[in-house]
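The values are calculated or read from the model by the stated rules, or taken from the named source; none is laboratory data. Note that the coordinates shown come from a computational prediction; the quantities given were computed from them, not determined experimentally. Cβ coordinates were reconstructed from backbone atoms using ideal geometry, including for glycine residues, and neighbour counts include every protein chain displayed.
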Amino acid sequence: MNTLHFLVIGKNQEILDTLKRVIENNEGWKATIQMDENTCYDTIRNTNIDIVLLSSGLEEQFEKDINTFCENLDKKVKVIEHYGGGSGLLKNEVYTVFPNLQP
């Protein structure tokens, strides 16, 4: 895996922008951000997404639905529920789902 592609979904633009910056500070990590839950399904289905990162402001039912959606895809897309804690926590969350990426 050369590049790790994130789709970051949340309701706070400032937080989404910060997460995009934090993610892209890591070599080979790229992020797309979205606030619209309805369009994220097409994004996941039609683009090269490795990780769906759930940020703040999302409804619990949506979080359950997106987890189920990703589990049922033919391609492997991991879902991480991330509600803050800094770049160190984010890296640990990513390395938990992709242990082969640990330095």
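Tabulated data
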{"quantity": "Any chance Ile15 is modelled with pLDDT of 95 or more and more than 24 Å from Pro103 (Cα to Cα)", "calculated": "no"}
{"quantity": "Subset of region 25-40 (residues that are exposed (fewer than 14 other Cβ atoms within 10 Å of the Cβ) and of a type in the set (Gly, Ala, Ser))", "calculated": "Gly28"}
{"quantity": "Residue ID - farthest from the chain's Cα centre (by Cα), chosen from residues in region 86-103 that are surrounded by fewer than 10 Cβ atoms within 10 Å (Cβ to Cβ) and more than 17 Å from Leu16 (Cβ to Cβ)", "calculated": "Pro103"}
{"quantity": "Strands (runs of 3 or more DSSP E) enclosed by region 19-89 - at least 2 residues per element that are in contact with a helix residue (DSSP H, G or I) (Cβ under 9 Å, 6 or more places away or on another chain) and at pLDDT below 95", "calculated": "78-81"}
